[in-house]
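Worksheet: the structure to be examined is printed underneath.
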């Protein structure tokens, strides 16, 4: 268990063995004590005044002798101390060990949580004050490296031979999103010390010890010759914070003019329970408001309903009332209202397709989708890459090549609606179902069945029923294909125990199997009011593919990939963000799109436009790591144990940064050599001894007659 230790100013000697020479200071004393010379007795006349003069002269001689003794003794003591090279160490000198030249890496935590304040001020300011004192305490020959946990624009973590550039870099530090885990920053500091000039290598860490971001799974082992010191920031004081930690678009089918559900999660740490106002802003316009009960230690959700006005990419944010940590009072998201689905209708099979064509054309007339019709024989030559969904009506025969092409289409994010018919079981779609591993159809049989149940919470049925308690129409089923699915979910069931509409997720896409074709001879479904919205909503749902996943935000810490469609070859793709931020990410071409590789710690949170030339291709939301919003710290002892386990090195824990900064106040620097002062004292003593001795010699000279 690591223990806190206090460090106070002290005096150390670089050559302590020389102090044995202090014994020489006894030589003048010995000479004085053993000076047994006695003055000779000379008889003079009996004049009394001469004896009085003699007594006064002897007193002056004794004073002069004691003064010479003191000066000679002090001169020897000062000379010995000067050769022992005493050095005054200040309050921060113990942090860096002895005064031998060293290479020091300062790991300064500048994650977002260091912007929080306590009684001592902002946590980063506390770290900065102590780090500046440490830099000023280093010696002239030392090397210094500054390693922030979050990369700062324009700051290079390199070795500096003078303290001034490091002090300037410390002044420029600010709380920044995308910080690495503290253990990863320590490992990075150690790697920068590998080519250090001096054999003494030390890593000094200043951090608020935020538990959620202290360590990760990356290796952080340190060499055995690297010393590790931890200086906590912020102490054990409670810090309050409330943050928007997540925003999700709940609606999977997004269309202009239709409601979209958005849910935000709010978390509070510390403080008292409180009801907060929350707003949803879409393209810089507030469009919805709500309230959320923020309770310490618990998360709460608030839902909004918004209606996108048009198709395209929209940028939004959910914002709560501001507190002391403004960076997480808002969370960004994007909303894509896709273009009209492109549907390929494949007809000419074993059942009528005119009613399905009519239902799709009704939606096409309003601009809700586009329809391209081909005969079953033309399926092999159809451009599936130009389609979002395929409606395959009771096919007679699907070749293995066509089945593989359709399977790849679905796995890549496309959607397929398969209407069963008489020929499906005999080979019309068996190869397709096998390729998708979706199940099998054992044949079509007469049936006297009806609709039995429905998953009305499925996105296909969202907004179809106006009634708050919807009820399905009575639908008689005369014939039914016996579909046996492999997993998936049933949307519409029948009293015969066979699903009427069943969904199977395949890769990034989806397959819907309808056990009856759009033919009144099989069922009454084409004659019911549910038929048209069912086909239209199925087309929208199947066309959505991975749109919801593509709208998810990226982390400012970890980055991620962004898929962009509609880009042209040659011209670079850029990200334009708030405040004029511009990023040119690594990009690679994949079939039908360009994938952007956005690295972590490269962008500030906010909404970004993906542009090529003057065209905006899409929007991207980048948010800070929600874990950074939790200010709960580890104790210094607990943090030391975590660092010791991660690095494999013992950790020296010093007092909190605020205490060290107070101790350093008024210090002119550490490691000040004092031997020059002692040498000067010795010279002064010797000079004074010479003057006193010369004066005594002059007084003893005989006076001329």
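The values are calculated or read from the model by the stated rules, or taken from the named source; none is laboratory data. Values in this document were obtained by computation on a predicted structure and should not be read as measured data. Every residue, glycine as well, gets a Cβ built from its backbone with ideal geometry; the counts of neighbours run over all protein chains shown.
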- Going through region 588-597 in order, the residues found to be part of a strand (DSSP E or B) and either at pLDDT below 85 or within 30 Å of residue 650 (Cα to Cα) (or both) are 590, 593
- Query: Can you spot a residue in region 419-428 that is under 28 Å from residue 591 (Cα atoms) and assigned by TED's automatic domain parsing to the domain that holds residue 534?
  - Reply: no
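Can you go through 636, 605 and tell me which one is under 18 Å from the mean Cα position of the chain (by Cα), modelled with pLDDT of 85 or more and surrounded by 18 or more Cβ atoms within 10 Å (Cβ to Cβ)?
605
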- Mind listing whichever residues of region 608-633 are surrounded by 20 or more Cβ atoms within 10 Å (Cβ to Cβ) and part of a loop (DSSP other than H, G, I, E, B)? 624, 625, 631
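Could you look through region 131-157, keep only residues that are without any contact (Cβ under 8 Å) to a residue 40 or more places away in the chain and outside any loop (DSSP other than H, G, I, E, B), and pick out the one that is nearest to residue 171 (Cα to Cα)?
First, pick out the residues of region 131-157 that are without any contact (Cβ under 8 Å) to a residue 40 or more places away in the chain: 132, 135, 140, 153-157.
Cutting the leftovers down to outside any loop (DSSP other than H, G, I, E, B) gives us 132, 135.
Working: 132: 9, 135: 13 Å.
The residue in question is 132.
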- Quick one: what pairs do we get from region 542-568, first residue surrounded by fewer than 17 Cβ atoms within 10 Å (Cβ to Cβ), second assigned to a loop (DSSP other than H, G, I, E, B) and at pLDDT 80 or above, C-beta under 7 Å, 6+ apart or different chains? 546/413; 546/508
- If we scan region 61-70, do we find a residue that is at pLDDT 80 or above and within 30 Å of the chain's Cα centre (by Cα)? no
- Name every residue in region 230-259 that is surrounded by fewer than 20 Cβ atoms within 10 Å (Cβ to Cβ), outside any loop (DSSP other than H, G, I, E, B) and out of contact with any helix residue (DSSP H, G or I) (no Cβ under 6 Å at 6 or more places or on another chain), in order of residue number. 246, 248
- Item | Residue pairs meeting the criteria (Cβ under 8 Å; at least 6 apart or on separate chains; first at positive phi, in region 182-209; second in a strand (DSSP E or B) and crowded, with 21+ Cβ neighbours inside 10 Å) | 209/232; 209/633
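Sort out which residues of region 240-269 are over 16 Å from residue 318 (Cα atoms) and touching a strand residue (DSSP E or B) at 6+ places or on another chain (Cβ under 6 Å), and write them in order of number.
Step one: list which residues in region 240-269 are over 16 Å from residue 318 (Cα atoms), which gives 240-241, 251-259, 269.
Matches in region 240-269: 241, 251, 254, 256, 259, 269.
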- Query: Got a number for residues in region 326-338 being outside any helix (DSSP H, G or I), surrounded by fewer than 22 Cβ atoms within 10 Å (Cβ to Cβ) and touching a helix residue (DSSP H, G or I) at 6+ places or on another chain (Cβ under 9 Å)?
  - Reply: 3
- Query: Going by the conditions given, is residue 361 free of Cβ contacts under 8 Å to residues at least 60 places away in the same chain, out of contact with any helix residue (DSSP H, G or I) (no Cβ under 8 Å at 6 or more places or on another chain) and assigned by TED's automatic domain parsing to the domain that holds residue 402?
  - Reply: yes
- Query: For residues in region 453-482 being part of a strand (DSSP E or B) and surrounded by fewer than 15 Cβ atoms within 10 Å (Cβ to Cβ), which is modelled with the lowest pLDDT?
  - Reply: 453
- Could you count how many residues in region 72-122 are at pLDDT below 70 and closer than 15 Å to residue 656 by Cα? 4
- Note on the structure: Apart from one, (1) assigned to a loop (DSSP other than H, G, I, E, B); (2) surrounded by fewer than 21 Cβ atoms within 10 Å (Cβ to Cβ) all hold for residue 165; the odd one out is (1)
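Are there any strands (runs of 3 or more DSSP E) wholly within region 483-537 with 1 or more residues that are out of contact with any strand residue (DSSP E or B) (no Cβ under 8 Å at 6 or more places or on another chain) and more than 16 Å from residue 457 (Cβ to Cβ), and if so which?
Values: elements: 489-494, 501-506, 509-514.
So the answer is 501-506.
Considering region 373-403 alone, what residues qualify as being part of a helix (DSSP H, G or I) and under 18 Å from residue 434 (Cα atoms)?
If we filter region 373-403 for residues that are part of a helix (DSSP H, G or I), which is where we start, we get 376-381, 384-386, 400-403.
400, 401, 402, 403 - these are the residues of region 373-403 that are part of a helix (DSSP H, G or I) and under 18 Å from residue 434 (Cα atoms).
Would you pick out the residues in region 207-218 that are surrounded by 24 or more Cβ atoms within 10 Å (Cβ to Cβ) and farther than 14 Å from residue 640 by Cβ? Steps first, answer last, please.
Quick first cut of region 207-218, residues surrounded by 24 or more Cβ atoms within 10 Å (Cβ to Cβ) only: 207-210, 213.
If the condition is that a residue be surrounded by 24 or more Cβ atoms within 10 Å (Cβ to Cβ) and farther than 14 Å from residue 640 by Cβ, then 208, 210, 213 are the ones that fit.
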- Which of (1) modelled with pLDDT under 90; (2) touching a strand residue (DSSP E or B) at 6+ places or on another chain (Cβ under 9 Å); (3) outside any strand (DSSP E or B) is the odd one out, the single condition residue 185 does not satisfy? (1)
- Note on the structure: Among residues of region 104-127 being in a loop (DSSP other than H, G, I, E, B) and over 21 Å from the mean Cα position of the chain (by Cα), the residue surrounded by the fewest Cβ atoms within 10 Å (Cβ to Cβ) is 119
- Of the residues in region 572-587, those that are modelled with pLDDT of 85 or more, surrounded by fewer than 17 Cβ atoms within 10 Å (Cβ to Cβ) and in a loop (DSSP other than H, G, I, E, B) come to 572, 584
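A quick yes/no check of all residues on (1) assigned by TED's automatic domain parsing to the domain that holds residue 453; (2) more than 30 Å from residue 366 (Cβ to Cβ); (3) buried (at least 21 other Cβ atoms within 10 Å of the Cβ):
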residue: 488; (1), (2), (3): yes, yes, no
residue: 494; (1), (2), (3): yes, yes, yes
residue: 509; (1), (2), (3): yes, no, yes
residue: 515; (1), (2), (3): yes, no, yes
